[in-house]
1. Among the residues of the range 174-197, write down those that are polar (S, T, N, Q), surrounded by fewer than 21 Cβ atoms within 10 Å (Cβ to Cβ) and modelled with pLDDT of 95 or more.
2. How about the range 231-245: which of its residues are surrounded by fewer than 21 Cβ atoms within 10 Å (Cβ to Cβ) and either of a type in the set (D, E, K, R) or not in a helix (DSSP H, G or I) (or both)?
3. Between residues in the range 109-125 that are more than 25 Å from residue 164 (Cα to Cα) and buried (at least 24 other Cβ atoms within 10 Å of the Cβ) and residues that are charged (D, E, K, R) and at pLDDT below 95, which pairs lie under 9 Å by C-beta distance while being six or more apart or on different chains?
4. When you look at residue 93, is it hydroxyl-bearing (Ser, Thr, Tyr), assigned to a loop (DSSP other than H, G, I, E, B) and either under 18 Å from residue 145 (Cβ atoms) or touching a Pro at 6+ places or on another chain (Cβ under 8 Å) (or both), yes or no?
5. Within the range 501-521, is even one residue in contact (Cβ under 8 Å) with a residue 12 or more places away in the chain and within 15 Å of residue 233 (Cβ to Cβ)?
6. Against the condition buried (at least 18 other Cβ atoms within 10 Å of the Cβ), small (Gly, Ala, Ser), in contact with an Asp or Glu (Cβ under 8 Å, 6 or more places away or on another chain) and in a helix (DSSP H, G or I), how does residue 421 come out, does it pass?
7. Only residues that are exposed (fewer than 15 other Cβ atoms within 10 Å of the Cβ) and among the hydroxyl-bearing types (Ser, Thr, Tyr): list them for the range 130-173, please.
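The values are calculated or read from the model by the stated rules, or taken from the named source; none is laboratory data. All values reported here derive from a predicted model rather than from experimental measurement. Because the Cβ atoms are built from the backbone with ideal geometry, glycine has one as well, and the counts that use them run over all protein chains shown.
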Amino acid sequence: MTFNYSFDLPRYRPTKPIQEVMKLARIITKDETPHELLERVINAIFSVERSFKAELKHTKRMAEEFAGYIVGGYLMLGIPILMNAGKHHLALSSCTVIPVDLREADSLVEERIDAYYRHNMGSGFDFTPYDNPVELLNWINEFSAKKTAMGSYIRNVGNMGILHVSHPRVREFIQAKRSIDANHFNISINVNEKFMCNAEMRENYILSSGEEVNASSLLDQIAENAWLNGEPGLVFLERMNKDNPLIEVSEYVSVPPCAEMGLAEGEICHFGYINLEKFVKLVSGRVQIDYATLDSVTRLLTRALDNTIEYSLPRYPTSLSVQMAQMKRRIGIGICGLAEMLLAHRLPYESEGARSLARDVLSFINYTSKCASVELAYERGPCFAMGYPQANRYLNGRYLEEKYASNPTRTISSQAWKDLADTIRTTGKLRNISTTTLPPSGIASILLGVTPSLEPLFNIFERNGDLNKRVIDFLKDELGENIHLLEQICEEARTSGSFQSVDLPISTRDCLKTAKEIDAKAQLQMVADLASLKGVVDESASKTINLPNRASIGDVREIFLLAYRLLLKNIAVYRDKTRGNQPSIL
């Protein structure tokens, strides 16, 4: 149940280009203004506060502060939240694994899939239990295309299809997108440690049928297809489950369309994004991170996302999703604007300094969100999973100590993590079983005017073709008052499409490298430092390694092997100009 409040919200007036994005993405209708969108979303999210007997004065203050953070560009909610909040009976989830048995593949299964699609969620499917994975992939894709063409959904349907590498028909699945036009699917091969080790050692691997194959040749086939059109990627679901605090009662079986986390059957997650650029400030001539404001934003976003779960409980398509939400209350705080933050600090994306700063900031967000979750548990009660002490690694094990206390940063010490772990273990208070991940943040980052997720600069140009304003500001600081030189350098960059051949110091050019110019190993290392088994966030990261067109199949194979060695949980590659619908500018 929701209630209407009278909030005094700041005016939300994004630029006309941003409003056009909102309309094209169908976040707002032709009859809705951006400010009316803000009112609709804030009212839906914060109206549930009354369910917890929150004081009206307190709720009003939080709602108006949260709206101010959106208007000020500090954060953005997941697109399904913006689309669905306050509309009919739609839940606010970003992703799910639809609970269906595809062996039946009948009208009842279609109805179940359709029920989730109508909530604008991205969906993950595991085809491993089935004999005919490519046929099922094609069937669901055709269903998605048919319903989309009928105008049944607000959001374009996005699915992930995974298949375990041991499946007897894995070779057919690897090449699936060569033979069928599965535009509503990304595909990935779910690999385990045994297969990757055998591929690296050029040893044989036994499929579930008993057939013995050359693991190295199979990896070559995966690499060749990824080189050709970007798919399949690799998913290490075994590793995701290694980081699953409830593995004994809720095993991950698939991933969302961009593979940023593992999901159990029927499980859902709600996303929000923090714009890191907004926390850069100049103090006594030095660039610093405003951790005090970041603390406030993180805590309030944690609360708001927990509210979206409460709002969604009576709206989920199945009772299983309701049960999963109540048990875990998983939220996914992600980021955007990392590239802009690094540029402000004069840190090349490829540098150790960049990775160190990113780790500091993300570990702070992770720790702060968990502290906020403990506070919410005192106020509202813990998630149901805290009632399963024998199967919950927060209560029966040393989950936070092993994952984070052994991997401290300059912002969050080992002792801080140990103390938080002790608090959770002794009190049983934790509202959200996980709080952080790194989704792609595509449209959300466009609304905020920054680069998505943990990606480097994709292009030196804005969407309208002008040089990136932040790049120009960076150059102004580097070159001082020499306007003539600035204009000359910018003109050369416009002509060549890059600053790498322009007469600038190497340190300056390094800061201005774009995704295609940054070494793949450096991109992998950023993912490893933030989102691997040794990372500083709970889940994984949506990350595509962008490669120049000249990259070889061997380069792709080596990226896959390096991802394995760096303990990544998933990886995808894209070679420039290998798809006709490739965007030129994010």
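1. If the condition is that a residue be polar (S, T, N, Q), surrounded by fewer than 21 Cβ atoms within 10 Å (Cβ to Cβ) and modelled with pLDDT of 95 or more, then 175, 192 are the ones that fit.
2. 238, 242 - these are the residues of the range 231-245 that are surrounded by fewer than 21 Cβ atoms within 10 Å (Cβ to Cβ) and either of a type in the set (D, E, K, R) or not in a helix (DSSP H, G or I) (or both).
3. 120/155
4. Considered against the rule, which asks whether it is hydroxyl-bearing (Ser, Thr, Tyr), assigned to a loop (DSSP other than H, G, I, E, B) and either under 18 Å from residue 145 (Cβ atoms) or touching a Pro at 6+ places or on another chain (Cβ under 8 Å) (or both), residue 93 comes out as yes.
5. The answer is yes, given that some residue of the range 501-521 is in contact (Cβ under 8 Å) with a residue 12 or more places away in the chain and within 15 Å of residue 233 (Cβ to Cβ).
6. Yes.
7. Matches in the range 130-173: 152 only.
Listed here are the residues, each with its yes/no results for (1) surrounded by fewer than 21 Cβ atoms within 10 Å (Cβ to Cβ); (2) in a loop (DSSP other than H, G, I, E, B).
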| site | (1), (2) |
| --- | --- |
| 6 | yes, yes |
| 12 | yes, yes |
| 18 | yes, no |
| 36 | yes, no |
| 43 | yes, no |
| 69 | no, no |
